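Below is one structure; the comments refer to it alone.
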Amino acid sequence: MEKINKILGKLSFEELKELKETLQKGEAIEAIEESLERFKNSNKVCPVCNTPVGDEGFVLIFGPNGFKKKATFDGTDCLEYFIYNMRK
Ligand SMILES: [Zn+2]
């Protein structure tokens, strides 16, 4: 919390208001999760066949707002298989 107070202390009135609205809408978590994804890029694994996937993989973002999940597949066959099983 100490770090957060330090960051908040540097913000203007307008910036604080904007941040508060962003947090209330649940958009901040998504933005943070997206930023965290940048650090995970090197070790993505296809959830269907467990093959390591690089930047050329197929990305699927799914789930309700605020609880979005991201999966990366090595091919469209795995992506189709995953969606097919999600429907059941
Ligand atoms: Zn696969």
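A compact table of results
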quantity: Restricting the stretch 52-70 to residues that are more than 10 Å from the ligand (Cβ to nearest atom) and small (Gly, Ala, Ser), the residue that is nearest to Lys25 (Cα to Cα); calculated: Gly66
quantity: Contacts under 8 angstrom Cβ, first residue in the stretch 30-59 being part of a strand (DSSP E or B), partner modelled with pLDDT under 85 and more than 13 Å from the ligand (Cβ to nearest atom), 6 or more apart; calculated: Pro52/Asn43
quantity: Residue in the stretch 4-29 that is farthest from the ligand (Cβ to nearest atom), counting only those that are part of a loop (DSSP other than H, G, I, E, B) and free of Cβ contacts under 8 Å to residues at least 24 places away in the same chain; calculated: Ser12
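The values are calculated or read from the model by the stated rules, or taken from the named source; none is laboratory data. Predicted, not measured: the structure shown is a model, and the values here were computed from it. Positions of Cβ are backbone-derived with ideal geometry, glycine not excepted, and every protein chain shown enters the neighbour counts.
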